[in-house]
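Everything below concerns the one structure shown next.
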Amino acid sequence: MKMIDPHVHMTSRTTDDYVAMAAAGIVALVEPAFWLGQPRTTVGSFVDYFNSLLGWERFRASQFGVRHFCTIGLNPKEANNPKLADDVLALLPRFLVKDGVVAIGEVGFDDQTEAEADVFRRQLDLAREFDLPVLVHTPHRDKKQGTIRSIELIQAAKFPEELVLIDHNNEETLPLVLNTGCWAGHSIYPNTKMDEQRMAALVKKYGTSRMIVNSAADWGISDPLKVPKTTDAMRSIGIPEEAIHQVVWDNPAAFFARSGRFDVADLNEPPAIDRSLKYESNSVLRGEQLQTR
Amino acid sequence: MTLEDTLHRTVRARCSEAAGRWFTEALETAAHGSDQQLLARYTAAARQVGTAQLDVTGAASGFDVAAFAHWTLADAVRTSLLLARATTADPGALQVLAIQCFEQGDTGEQISWLRGVAFLPQPERFLPLVIDACRTNIVPLFEAAACENAFPARYFPERPLNQLVMKALFNNVRLARIAGLGPRLNIELARMAADFADERRAAGRPVPPDIDLALSGARHEGTPV
């Protein structure tokens, strides 16, 4: 079955992960700009990071037959550094127009401070200006309240709900999101957030409309094969194939297609893998022989 | 006996003679040398005196031994260097230099800095930095800010303090380790903890046993801080 992983931080992952993901049926992924595990202190770090998402990482994915898209934005944790936040927000218009940028994100709340709310609102304005959907991170701590505040902020800004994907839902927050016009993302994690059996149960209970699953794999304990593993879990409790297809393909494709830069028809043909190609003279090969073609 | 005296004496009692001589020179440099010289010694402290446990059990009565439970010799040396600087530098210059020690520090230096910050003159001016430090995903760094440290309960406004408590619950850091938490418990924290317990139950996961302390906040509301 063909799948999209609509939230996975590949810069933190290995080439083995790309091989395994492609073998498991993942043909496209979206890598949201996020927090790198420790704070960046200058705007230049963001310039290089955004460029790496658009450049080297997309190239690296293509070398394994996977199409790479990204979202660009200022994450909530670093929104709390006021000088940095202003500089990064001023930089975003340069990147939001690039090909392959399919949403603004991750935006949202972490500690739920006023600074985070301000940066969240300003990025909704940018989304409107650049006609992009928005990927909203919900916090680990005080998640239900953080989800409620996110929805209230989106509604107060009168931002179109069908252009918003609220991510990292659980049993407590999903009904709140489905009660709006927003899409509902779920990050399937080995120990925290959501697991594949609970996810399958939620699809059974709430149906497939606006339901999305992702691995959110990053530099922590996480698993880039959680989307295919969740399809197995859904199948094992008797969810029909068309419904599974809707959750792991139609829904994320429809959401990101709103950017005008995510061509679903184009995904039917995998990118031709040519490992003799180089990106700024770097190859993913490390002395291996190219296969004869 | 002042805090400085206690730290100096306990470091000297635990380290080699050569390291002791280095410490004496470093204190002198910290008071009278350049910023770069102090920063270099702040970094070198762990290499020079090591990271053995600081033992303050022999300190004078009335000394808050619990606050130093996890301190290392290097933590004590680094805090001593900034305190030595404070005797000669004006408050603004000390603040700039102390912030550099944190921002340019590796994890070990940042842990030392967070353990010592409550003992610097006018510690409340470092509040934004300590709140930001709690955003880390490195649990030992978070513990240095959150645990056996008077700073958060003394200076954090309610919202970041509540976030700190919730983060401790998430990371299996015992709430009993948050110094001075009792009088700062509040209704909003109890609400956050109750939501968290619901979320864990809905996910079929265990609720941390010491969540009861955070839940008890409703009873403490109105207690003067």
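The values are calculated or read from the model by the stated rules, or taken from the named source; none is laboratory data. Keep in mind it's a predicted model, so treat the numbers as computed, not measured. Note: ideal-geometry Cβ built from the backbone for every residue, glycine included; neighbour counts use all protein chains shown.
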Check your understanding: Of (1) modelled with pLDDT under 95; (2) more than 23 Å from B:F196 (Cα to Cα), A:V227 satisfies all except one. Which?
Key -> (1)
Point to revise | Failed item in (1) in contact with a helix residue (DSSP H, G or I) (Cβ under 8 Å, 6 or more places away or on another chain); (2) within 23 Å of A:F262 (Cβ to Cβ); (3) within 14 Å of chain B (Cβ to nearest Cβ), with A:F159 passing the rest | key: (3)
Point to revise | In the stretch A:186-215, the residues that are within 14 Å of another protein chain (Cβ to nearest Cβ) and either in contact with a Lys or Arg (Cβ under 6 Å, 6 or more places away or on another chain) or of a type in the set (G, A, S) (or both) | key: A:S187, A:I188, A:E196, A:A200, A:A201
Check your understanding: In the stretch B:121-152, how many residues are crowded, with 21+ Cβ neighbours inside 10 Å, away from every other protein chain (no Cβ under 14 Å) and over 11 Å from the mean Cα position of the chain (by Cα)?
Key -> 1
Review point. So, in the stretch A:4-23, of the ones that are under 25 Å from A:H137 (Cβ atoms), of a type outside the set (S, T, N, Q) and over 14 Å from the mean Cα position of the chain (by Cα), which residue ends up surrounded by the most Cβ atoms within 10 Å (Cβ to Cβ)?
Key: A:M21
Check your understanding: Considering only residues of the stretch B:110-120 that are part of a helix (DSSP H, G or I) and closer than 26 Å to A:A115 by Cβ, which is nearest to the chain's Cα centre (by Cα)?
Key -> B:L114
Study note, to complete from the structure: The residue from B:R174, B:R184, B:R200 that alone is basic (K, R) and within 13 Å of chain A (Cβ to nearest Cβ) is B:R200
Check your understanding: Assuming B:G105 fulfils every condition listed in (1) assigned by TED's automatic domain parsing to the domain that holds B:A40; (2) closer than 25 Å to B:R47 by Cβ; (3) in a helix (DSSP H, G or I) apart from one, which condition is it?
Key -> (3)
Revision key, fill the gap. Here the residues within the stretch B:115-157 that are among the charged types (D, E, K, R) and under 16 Å from B:R78 (Cα atoms) are B:R115
Check your understanding: For the stretch B:83-91, does any single residue satisfy the condition of being assigned to a loop (DSSP other than H, G, I, E, B) and in contact (Cβ under 8 Å) with a residue 12 or more places away in the chain?
Key -> yes
Practice item. Report yes if B:A67 is in contact (Cβ under 8 Å) with a residue 24 or more places away in the chain, assigned to a helix (DSSP H, G or I), farther than 26 Å from B:P152 by Cα and among the small types (G, A, S), otherwise no. Key: no
Point to revise | Inter-residue pairs, beta-carbon under 6 Å, first touching a residue at least 40 places away in the same chain (Cβ under 8 Å) and in the stretch A:164-178, second among the small types (G, A, S) and crowded, with 18+ Cβ neighbours inside 10 Å, 6+ apart | key: A:L165/A:G185; A:D167/A:G185; A:H168/A:S187
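Looking at the stretch A:15-51, which of its residues are of a type outside the set (D, E, K, R), closer than 30 Å to A:L89 by Cβ and assigned to a helix (DSSP H, G or I)?
Hits for the stretch A:15-51 are A:V43, A:G44, A:S45, A:F46, A:V47, A:Y49, A:F50, A:N51.
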Check your understanding: What number goes with the only condition from (1) assigned by TED's automatic domain parsing to the domain that holds B:L39; (2) outside any helix (DSSP H, G or I) that B:R135 does not pass?
Key -> (1)
Check your understanding: Of all residues in the stretch A:129-159, which are surrounded by fewer than 16 Cβ atoms within 10 Å (Cβ to Cβ) and free of Cβ contacts under 8 Å to residues at least 40 places away in the same chain?
Key -> A:E129, A:I148, A:E152, A:Q155, A:A156, A:A157, A:K158
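Residue-wise test of (1) touching a strand residue (DSSP E or B) at 6+ places or on another chain (Cβ under 9 Å); (2) among the polar types (S, T, N, Q); (3) surrounded by 15 or more Cβ atoms within 10 Å (Cβ to Cβ); (4) assigned by TED's automatic domain parsing to the domain that holds B:F68.
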| residue | (1), (2), (3), (4) |
| --- | --- |
| B:L164 | no, no, yes, no |
| B:V173 | no, no, yes, no |
| B:I178 | no, no, yes, no |
| B:R184 | no, no, yes, no |
| B:L189 | no, no, yes, no |
| B:A193 | no, no, yes, no |
| B:D198 | no, no, no, no |
| B:P209 | no, no, no, no |
| B:S216 | no, yes, no, no |
Point to revise | Candidates B:T6, B:T29 - the one that is within 22 Å of the chain's Cα centre (by Cα) and either within 19 Å of B:C101 (Cα to Cα) or not aromatic (F, W, Y) (or both) | key: B:T6
Exercise for review: Could you please give the count of residues in the stretch A:44-85 that are surrounded by fewer than 16 Cβ atoms within 10 Å (Cβ to Cβ), in contact (Cβ under 8 Å) with a residue 12 or more places away in the chain and within 14 Å of another protein chain (Cβ to nearest Cβ)?
Suggested key: 1
